[in-house]
1. Scan the stretch 61-83 and tell me whether some residue there is within 13 Å of Gly34 (Cα to Cα), surrounded by fewer than 16 Cβ atoms within 10 Å (Cβ to Cβ) and in contact with a Ser or Thr (Cβ under 9 Å, 6 or more places away or on another chain).
2. Scanning the stretch 43-56 for residues that are under 15 Å from Lys30 (Cα atoms) and over 32 Å from the mean Cα position of the chain (by Cα), which turns out surrounded by the fewest Cβ atoms within 10 Å (Cβ to Cβ)?
3. Being in contact with a Lys or Arg (Cβ under 6 Å, 6 or more places away or on another chain) and not β-branched (Val, Ile, Thr) is the filter; apply it to the stretch 94-120 and report the residue that is surrounded by the fewest Cβ atoms within 10 Å (Cβ to Cβ).
4. Just need a number here: residues in the stretch 208-229 that are modelled with pLDDT of 75 or more and assigned to a helix (DSSP H, G or I).
5. Name the residues in the stretch 269-295 that are at pLDDT 90 or above and either charged (D, E, K, R) or on the phi > 0 side of the Ramachandran plot (or both), would you?
6. Quick check on my filter: what residues within the stretch 255-284 are crowded, with 17+ Cβ neighbours inside 10 Å and in a loop (DSSP other than H, G, I, E, B)?
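The values are calculated or read from the model by the stated rules, or taken from the named source; none is laboratory data. Everything numeric in this text was worked out from a predicted model, so none of it was measured. Every residue, glycine among them, receives a Cβ derived from its backbone with ideal geometry; neighbour counts consider all protein chains shown.
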Amino acid sequence: MNTKYDTALVNKLNFEDVLLNSLPNPVYYKDIEGRFIQCNTSFSNLVNSSKEDIIGKLAYEFFPKETSNRHKLIDKKIMKTLENYLDEIVFPLPDGSIKYFTLNKAVYLNQDGTVGGIVCVMNDITQRIKEKELLIQQSKFAEMGEMIASIAHQWNEPLVELSAQVQKMQLLYSMDKIDKSNMSTFVYDMMIQIQYMSETLSDFRNFLKPSTIKKEFGIKKALKDIFEIVGKQIFYFNIKVNFDYENDEEEIYIYGYENELKQVLLNIINNAKNKIVKINEDKNFIGEIAIKVFTDSKFNIIEIIDNAGSIKEDVKKHIFEPFFTTKFGGTGFGLYMAKVIIEDKMLGSIDVNNILNNVVFTIKIPKKNN
């Protein structure tokens with residue numbers, strides 16, 4: 001009996017081993033201390049190590065430190081709750097390239113019902129992420145017209161100042177009143193204007209760069225960066241912008257893709273601005289945009305509110321659909337990509353509602369530790 005039982009057990013283990021190694025997805029098991037106790041061939045190929053070298057090691061040997069720290073906390077949490085967990089990570093390869101994976105984690109139990117550890121199945125989503133990045137960049141380029149117009153407004157004042165300085169310098173030269181002190185003052189004043197113009201271009205270039213990894217960043221600073229580019233154009237149209245932060249003295253940090261979130265905020269703010277400008281063409285109207293940033297137990301929340309009239313219900317229900325637009329010459333791509341960025345890439349939510357005669361866009365982004 002024992003021989004038959006042992007043979008059956010060995011056959012079962014061999015079958016499970018073959019099954020595990022035949023899976024194209026990287027799979028690993030960890031004990032309650034976080035040490036690897038089993039993995040398949042796909043995982044060992046991914047981390048470029050033999051199974052013998054992997055067993056007994058911690059995640060820090062193979063995953064980025066930030067990812068390992070975060071998942072150490074996640075593993076502790078789900079071993080208490082016994083809930084499954086889905087996450088998205090960035091995995092750098094030795095050649096400098098990057099792969100994107102989802103981690104599907106579950107707790108496994110011992111025969112006596114105690115927690116044995118964590119099993120994780122990884123799914124390579126690199127191609128899907130790259131396709132989305134391409135769409136996001138295309139959407140970002142659609143905002144370039146608005147941004148270039150904003151840069152033109154921002155450059156107007158320093159160009160006027162530079163012109164005045166050059167004319168003044170020419171006048172003093174013709175009167176033979178240029179000395180070393182005057183020249184130093186002219187150069188200093190003109191360099192201030194040139195530096196300002198250079199910073200505007202730098203902000204523009206930074207906006208165009210895709211964010212490849214999630215990181216913590218300050219939402220107040222992100223909004224400041226946006227208004228460094230588009231603020232003057234908004235104020236040129238006499239639109240009031242009110243910022244309402246939960247805590248004026250402290251920064252609120254968001255975990256996600258900084259430039260992509262800026263793209264979402266810029267799209268919504270530009271849409272509100274264009275609505276207000278259109279109303280101003282027909283009547284005298286004091287346009288207002290309010291931006292509120294606050295938190296609850298699970299989310300960082302951003303609300304963008306404009307007073308340019310409510311959205312019709314038949315428009316509202318289609319507003320996040322691709323290629324749907326009410327603007328002449330519009331692509332119908334901006335708000336669709338906003339939804340993709342917030343919900344797919346940052347695992348949050350974006351919604352729009354009418355409150356009286358105001359339109360409120362609400363963005364919720366999970367806090368880092370959730």
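1. Yes: one or more hits.
2. Filtering the stretch 43-56 for residues that are under 15 Å from Lys30 (Cα atoms) and over 32 Å from the mean Cα position of the chain (by Cα), the one surrounded by the fewest Cβ atoms within 10 Å (Cβ to Cβ) comes out as Glu52.
3. Looking at the filtered set, the residue picked out is Gly117.
4. Summing the residues that are modelled with pLDDT of 75 or more and assigned to a helix (DSSP H, G or I) in the stretch 208-229 gives 10.
5. The answer is Glu288, Lys292.
6. Across the stretch 255-284, the qualifying residue is only Tyr257.
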